[in-house]
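The values are calculated or read from the model by the stated rules, or taken from the named source; none is laboratory data. Every value quoted in this text rests on a predicted model; they were computed, and no experiment measured them. As a convention, Cβ positions derive from the backbone with ideal geometry for all residues, glycine included, and neighbour counts pool all protein chains shown. Keep in mind that these areas ignore ligands, DNA and RNA; they rest on the heavy atoms of the full protein, side chains included. Shrake-Rupley method; radii C 1.70, N 1.55, O 1.52, S 1.80 Å.
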Amino acid sequence: MEWTGLFFYLVSFLIASGIYAILCLALNIQWGMGGLFNAGIAGFFAVGAYASAIMTTAPSDKHLGGFGMPVPVGLVAAAVLAGLAGWAVAKICVRLKSDYLAMASIGIAEILRLVIVNAERVTNGSLGIAGIPRPFDGWVQGRAADLLFLGFVWVIVAAAYVVSQRLHDSPWGRTLRAIRDNEAAARAAGKDVERFRLQTFVIGCAIMGVAGGLTAHEFKFLSPAATEPLMVTFLVWVMLMAGGSGNNKGAIAGGLGIWAIWSMTEILTNQLLPPEWITRSSYIRILLIGLLLQFVLQKFRSGLIPEASPPIRFKGD
Amino acid sequence: MTALLSVQGLTAGYGGMPIIEGVDLDVEENAVAVIIGPNGAGKSTLLKSIFALTKIAGGTIAMAGRDITGLATAALVPIGISAVPQNRNVFPNLTVAENLDIGTYAAPPRDRARTEANILALFPDLRAKLGQPAGELSGGQRQMVAIGRALMSEPRLLLLDEPTAGLSPAYLEKIFDLILDVRKTGVTILMVEQNARQALRIADRAHVLVNGRNFISGSGAELLANDNVRRSFLGGGEAA
Amino acid sequence: MIEFINYYLIPALTLGSIYALGAVGISMIFGILRFAHFAHGDLMTVGAYGVLTAVWFVPVHPLLLIPVGAALAIAAALAVDRFFYRPLRQLATIYTVISSFGVALIFRSLAQLLWSSDNQVLVKGVTPPLVLFGTFRIAALHAEAIALTLVIAVALHLFLTRSKTGRSMRAVSDEPELAAVAGIDTEKVIRWTWVIAAALAAIAGVFAGMDTTVHPNLGWNLQLAMFAAAILGGIGKPMGAIAGGFIIGLAEELSTYNWVGDNPLISPSYKTAVGFLIMVALLIFRPQGLFRGRLL
């Protein structure tokens with residue numbers, strides 16, 4: 001009995017870390033390859049999550065729809081809507097330098113989340129959307145469904161990896177890295193820097209939207225609490241930095257590794273701490289993750305799996 | 001007469017690639033010394049490494065007989081060295097008076113009021129601009145603010161990196177005249193210049209740097225008369 | 001009219017004071033250290049908890065205990081700079097930005113651990129408002145916050161224009177390399193920047209905590225509006241940031257006034273979006289701010 005418990009703990013661990021791996025791959029396209037500082041991951045994630053939830057749930061008078069569509073349709077809608085949101089943001093913000101882009105993207109993400117909380121007729125506000133289906137719901141029941149969903153998630157991880165890898169190795173990806181490392185030179189070579197950045201941002205946001213949709217289907221219930229910047233934006237950044245930004249394998253490794261640390265510290269704090277501290281254990285874990293990020297930034301900047309071709313550095317006289 | 005500044009075998013550059021290599025240089029007390037040479041010869045790097053703005057890989061620097069190799073910029077100012085960089089040589093949002101004031105922080109002058117009065121006597125144009133932000137001044141006036149700021153710490157040696165860069169020909173003459181005026185107050189000057197011909201005319205001593213090494217040295221007049229220098233560095237024309 | 005002043009204008013100026021004091025620090029750090037400090041709001045939180053704790057031991061008016069909160073925030077800022085930001089100083093500043101996100105979480109989780117995540121009050125009981133000319137009713141805190149902020153603005157202006165340290169700070173903000181050439185000790189200037197920015201953040205945090213309650217997200221929730229104020233005022237222009245703070249505060253509060261008809265112009269639940277929107281619009285159309293600040 002203990003073993004099956006452990007087994008299904010592992011299954012839910014792998015589902016969650018798979019979704020984080022997708023987010024890391026998406027961020028890696030934007031930051032690792034494109035040098036775009038997106039601090040509003042949670043916003044695009046939330047758009048995708050709500051899009052897929054509304055598309056796939058049965059009709060309800062509590063929120064918009066649902067439209068009762070199959071899950072893949074929901075995920076496509078998630079990608080399209082999050083990509084559109086990304087396009088609108090990129091259209092106006094992509095020229096901004098990194099610090100400003102960070103502020104703008106975090107601001108827009110917060111506005112999106114604010115809209116989600118307040119647009120009760122569309123999203124049912126803070127009460128959330130219930131009854132979100134999983135793919136193949138009619139076929140299997142119970143815990144086997146978890147296994148099937150695990151497979152579904154990791155198929156999408158694999159797809160996102162292949163897409164990212166293709167992008168990375170293509171002339172498009174090379175141009176992107178050239179822009180990241182030396183914008184002036186790329187401009188001088190006649191590259192339309194803004195267009196490349198726009199495309200990068202949109203692709204990344206669309207993938208973030210898919211991750212959002214998957215999260216909605218994983219929990220079968222969606223409320224604004226699932227789109228907390230801490231768990232979505234911040235943790236993904238830590239994962240990518242630790243995994244190795246610029247490297248797609250590193251992005252997946254970071255998603256798995258940091259989620260493993262996050263999950264294991266939960267077990268540890270729950271077992272080691274006196275009962276009156278249990279309620280505060282999540283704060284200890286956040287503290288540890290914050291410190292871990294500092295360690296990564298200072299001593300481990302290239303990450304678990306560093307970028308294959310190191311960035312070209314130029315140094316002035 | 002011993003040299004005020006003595007540089008021996010100076011090597012400096014980035015990431016193992018030396019930009020200057022084994023450069024020797026002596027600057028006599030109260031002289032105007034000029035460094036000229038083609039673009040990329042390492043002239044600015046030489047000046048920066050003397051002023052500890054670039055890490056040096058080898059060689060020694062001595063000021064008035066004291067070894068100052070490896071001292072930080074902030075420690076060089078109190079010893080009596082000031083520098084004016086080529087670009088961005090004023091604080092644009094600070095007034096002219098504040099720019100001058102900044103010059104006293106690292107090495108307070110003995111008599112601040114007198115030092116400031118002397119500097120304003122050198123640059124009377126600045127007197128009416130003291131309350132204006134330095135960013136609103138013309139290029140030539142900025143150069144005056146920059147030199148004035150450097151003189152506020154009463155340096156014995158003033159390093160100037162291309163003081164006439166970007167200035168109109170009319171101002172160019174004026175700045176060279178001012179440099180001679182500064183020398184009259186007892187300050188020794190070491191400067192890098194692109195306008196080689198005019199610079200050599202006011203130089204007591206000149207050094208030509210090529211590919212990061214000493215090429216030729218002599219008095220300004222000697223180099224102006226030197227065929228080799230004329231052909232390669234003075235645009236080939238006749239000696240003016 | 002009276003209602004407008006009592007219920008909209010005065011609270012707006014109070015909110016503006018809070019933003020102004022936070023934005024000054026953000027602007028100075030942006031100008032001198034050249035990065036967007038995303039842990040600044042949480043520095044406010046640290047300051048507020050410092051005063052909250054002091055009030056437990058010395059039950060006097062919280063504003064009198066500001067030095068305790070300021071000292072705690074200053075110590076936190078200097079420690080974080082020494083151990084987390086300084087090792088990254090030679091790298092692209094974006095690494096420091098990422099680090100500051102982590103620091104924000106470290107501050108917040110420490111606040112949650114040490115003081116719990118509950119809402120806690122700084123002042124118990126209700127203080128009657130000040131009544132001026134029989135019609136203007138101003139909460140004592142609001143009057144104090146606005147007055148103190150204006151005093152601080154004047155003092156800061158004098159410090160930055162008259163004192164050696166203040167001028168050195170402006171010089172480093174203007175031209176860091178030239179400041180080094182002039183022999184200015186940049187690390188000392190940076191330390192002073194943290195001292196002032198953290199102290200002002202703590203004061204802003206206490207105002208915010210007294211106006212509502214003290215809780216771990218206190219500063220983080222105000223942070224983006226403070227960024228908006230700093231950008232509005234022009235990066236590296238502390239007085240601009242103060243003006244920017246008041247403008248953003250006014251814009252947020254007054255957007256909920258019933259300018260047209262009987263309903264609020266904007267639903268109060270979208271109030272915070274006003275600050276964000278101003279920030280995003282500024283970043284796009286006028287990133288140098290209203291007062292010609294610098295661009296990074």
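Tabulated results
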{"read-out": "Phi-based couplings in Hz for the stretch C:225-234 (Karplus 6.51, -1.76, 1.60; Gly and Pro marked x)", "value": "5, 5, 4, 4, 5, 5, 5, 4, x, x"}
{"read-out": "Most positive-pole-ward Cα, C:GLN288, A:GLN271, A:ASN28, against dipole of the protein assembly as shown from beta carbon charges", "value": "A:ASN28"}
{"read-out": "Surface accessible to a 1.4 Å probe, C:THR213 within the full protein complex, Å²", "value": "30 Å²"}
{"read-out": "Cα pair distances in the stretch C:94-239, grouped into 10 Å bins until the bin that holds the longest one, percent each", "value": "9, 29, 32, 21, 7, 1, 0"}
{"read-out": "Lysine pair number, Cα distance threshold 27 Å (strictly under), chain A, separation 8 or more or different chains", "value": "8"}
{"read-out": "Under 18 Å from C:LYS124, Cα to Cα: aspartates and glutamates that are on another chain or at least 8 residues apart", "value": "C:GLU144, C:ASP211"}
{"read-out": "Cα gyration tensor category, rounded, prolate or oblate, for the stretch B:84-240 with a/c compared to 1.5", "value": "prolate"}
{"read-out": "Delta accessible area of at least 50 Å² on complex formation, residues of the stretch C:251-275, 1.4 Å probe, chain isolated as reference", "value": "C:TYR270"}
{"read-out": "Placed amide H near B:HIS207: partners under 5 Å, 5+ positions off or other chain", "value": "B:VAL34, B:ILE35, B:ILE36"}
{"read-out": "Where B meets C: accessible area buried, both sides, 1.4 Å probe, Å²", "value": "1700 Å²"}
{"read-out": "Cβ-based charge dipole, the stretch C:2-285, positive-most Cα from C:VAL181, C:LEU33, C:VAL123", "value": "C:VAL181"}
{"read-out": "Residue-level accessible surface for B:ASP227, protein heavy atoms, 1.4 Å, Å²", "value": "90 Å²"}
{"read-out": "5 angstrom amide H check on C:TYR257, placed H, neighbours 5+ away", "value": "C:LEU265, C:ILE266"}
{"read-out": "Cα-Cα separations in the stretch A:161-215 greater than 14 Å, expressed as whole percent", "value": "58 percent"}
{"read-out": "Rounded to the nearest 10 Å², the accessible area of A:HIS168 at probe 1.4 Å", "value": "20 Å²"}
{"read-out": "Rounded to the nearest 20 debye, dipole of chain B from Cβ charges on Lys, Arg, Asp, Glu", "value": "260 debye"}
{"read-out": "Rel. contact order, % - alpha carbon contacts under 8 angstrom, at least six apart, chain A", "value": "31 percent"}
{"read-out": "Solvent-accessible surface ranking, highest first, for C:MET1, C:MET279 at 1.4 angstrom", "value": "C:MET1, C:MET279"}
{"read-out": "Hz values of 3J(HN,Hα) by residue in the stretch B:33-38 - Karplus curve (6.51, -1.76, 1.60), Gly and Pro given as x", "value": "10, 10, 10, 10, x, x"}
{"read-out": "Lys, Arg +1 and Asp, Glu -1 on Cβ, resulting dipole of chain A about Cα centre, debye, nearest 20", "value": "800 debye"}
{"read-out": "Mean ellipticity per residue at 222 nm, deg cm²/dmol - from DSSP H runs of n ≥ 4 across chain B, formula -39500 (n - 2.57)", "value": "-9500 deg cm²/dmol"}
{"read-out": "Lys pairs, the stretch B:3-233 - Cα-Cα below 24 angstrom, 8 or more residues apart or on other chains", "value": "4"}
{"read-out": "Accessible carbon and sulfur surface of chain C relative to its total accessible area, %, 1.4 Å", "value": "67 percent"}
{"read-out": "Dimensionless Rg ratio for chain A, taking C-alpha atoms and the 2.2 N^0.38 Å reference", "value": "1.01"}
{"read-out": "Backbone HN-Hα couplings from phi across the stretch A:205-214 [Karplus 6.51/-1.76/1.60, Hz, Gly and Pro as x]", "value": "5, 4, 5, 4, x, 4, 4, x, x, 4"}
{"read-out": "Proximal aspartates and glutamates relative to C:LYS188, as straight alpha-carbon distance under 17 Å, when same-chain residues fewer than 8 apart are discounted", "value": "C:ASP81, C:ASP174, C:GLU175, C:GLU177"}
{"read-out": "Overall form of the stretch C:210-296 per C-alpha gyration tensor (a/c, 1.5; a/b vs b/c)", "value": "oblate"}
{"read-out": "Theoretical ellipticity at 222 nm over chain A - DSSP helices of four or more residues, -39500 (n - 2.57) apiece, nearest 500", "value": "-23000 deg cm²/dmol"}
{"read-out": "Cα-based shape type of the stretch C:174-259, given that a ≥ b ≥ c are square roots of the gyration tensor eigenvalues and the cut on a/c is 1.5", "value": "oblate"}
{"read-out": "Cα lying deepest toward the dipole's positive end in the stretch A:12-228, options A:MET208, A:HIS63, A:PHE13, charges on Cβ", "value": "A:MET208"}
{"read-out": "Amide H within-cut-off set for B:ILE19, under 5 Å, with H built and near neighbours excluded", "value": "B:ALA12, B:GLY13, B:TYR14"}
{"read-out": "Net dipole in debye of the stretch C:2-285 [+1 Lys, Arg Cβ; -1 Asp, Glu Cβ; about Cα centre; nearest 20]", "value": "640 debye"}
{"read-out": "Relative compactness, the stretch C:39-100, computed as alpha-carbon Rg over 2.2 N^0.38 Å", "value": "1.38"}
{"read-out": "Estimated D of chain C in µm² per second, where Rh is the Kirkwood radius over Cα pairs and Stokes-Einstein applies at 20 °C, 1.002 mPa s", "value": "111 µm²/s"}
{"read-out": "Solvent-accessible heavy-atom area per residue, rounded to whole Å², over the stretch A:183-317 at 1.4 Å", "value": "45 Å²"}
{"read-out": "More than 56 angstrom apart: percent of Cα pairs within the protein assembly as shown", "value": "20 percent"}
{"read-out": "Given chain A, longest segment not containing exposed loop trypsin sites (Lys or Arg not before Pro) (DSSP; at most 10 other Cβ within 10 Å)", "value": "A:1-312"}
